[in-house]
Amino acid sequence: MPRGTLEVVLVSAKGLEDNDFLSSIDPYVILTFRAQEHKSTVKEGGGSNPQWNEIFLFTVSDSASELNLKIMEKDNFNQDDFLGEAIIPIDAVVAEGSIPETAYNVVKNEEYCGEIKLALTFNAEPEGYNAEESYGGWTESNRDV
């Protein structure tokens, strides 16, 4: 798999289980790609159909093939509640370069419980590119005077 950057635009979700009795749920998303993890903002009062429109970047450097999204509900008094997850294969975006806004199923205990909408873009590093050399390390700045 080529090296590069995976850009994830977290757009929205719909049909999430609203399990708060007194108010709307406050959902957020934990996005994980290999050991890299990002967390969206908590959409207070976002309810079953929150809108985020947030961008997250992940470094792709090996054969990892999926992006994991865990949809959570912020709970002020207890542990945050797990609402469901979506697992997104990234092979298509690496091959095509981008995938427009697409709805993916959110699943909990192997049952459909809503959907989450994302747009994906993969920016490949040029052939022969070495990120470590591009930062201008000590070898470039230590010149004989």
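The values are calculated or read from the model by the stated rules, or taken from the named source; none is laboratory data. Since the model is a prediction, treat every value here as computed from it, not as a measurement. Cβ placement follows ideal geometry from the backbone for every residue including glycine, while neighbour counts extend to all protein chains displayed. For the accessible areas, the whole protein counts, side chains as well, though only heavy atoms, and no ligand, DNA or RNA atoms are used. Shrake-Rupley method; radii C 1.70, N 1.55, O 1.52, S 1.80 Å.
So the values come out like this:
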read-out: Residues of the range 62-79 satisfying the condition of being under 25 Å from residue 19 (Cα atoms) and surrounded by fewer than 16 Cβ atoms within 10 Å (Cβ to Cβ); value: 68, 74, 75, 76, 77, 78, 79
read-out: Elements of type strands (runs of 3 or more DSSP E) contained in the range 7-107, each with 3 or more residues being over 14 Å from the mean Cα position of the chain (by Cα); value: 81-89
read-out: Close pairs from the range 60-79: first within 25 Å of residue 48 (Cα to Cα) and basic (Lys, Arg), partner in a strand (DSSP E or B) and open to solvent by 50 Å² or more (accessible area, probe 1.4 Å), Cβ under 6 Å, at least 6 apart; value: 70/85
read-out: Unique match (being open to solvent by 50 Å² or more (accessible area, probe 1.4 Å) and either under 23 Å from residue 123 (Cβ atoms) or at pLDDT below 95 (or both)) among 99, 87; value: 87
read-out: Single residue of the range 102-145 satisfying the filter (touching a strand residue (DSSP E or B) at 6+ places or on another chain (Cβ under 7 Å) and polar (S, T, N, Q)) that is modelled with the lowest pLDDT; value: 123
read-out: Any chance residue 30 is open to solvent by less than 50 Å² (accessible area, probe 1.4 Å), modelled with pLDDT of 95 or more and touching a strand residue (DSSP E or B) at 6+ places or on another chain (Cβ under 6 Å); value: yes
read-out: Residue, least open to solvent (accessible area, probe 1.4 Å), within the range 49-61, restricted to residues that are among the polar types (S, T, N, Q) and closer than 20 Å to residue 124 by Cβ; value: 61
read-out: Residue, nearest to residue 83 (Cα to Cα), within the range 1-19, restricted to residues that are open to solvent by less than 30 Å² (accessible area, probe 1.4 Å), of a type in the set (A, V, I, L, M) and at pLDDT 95 or above; value: 13
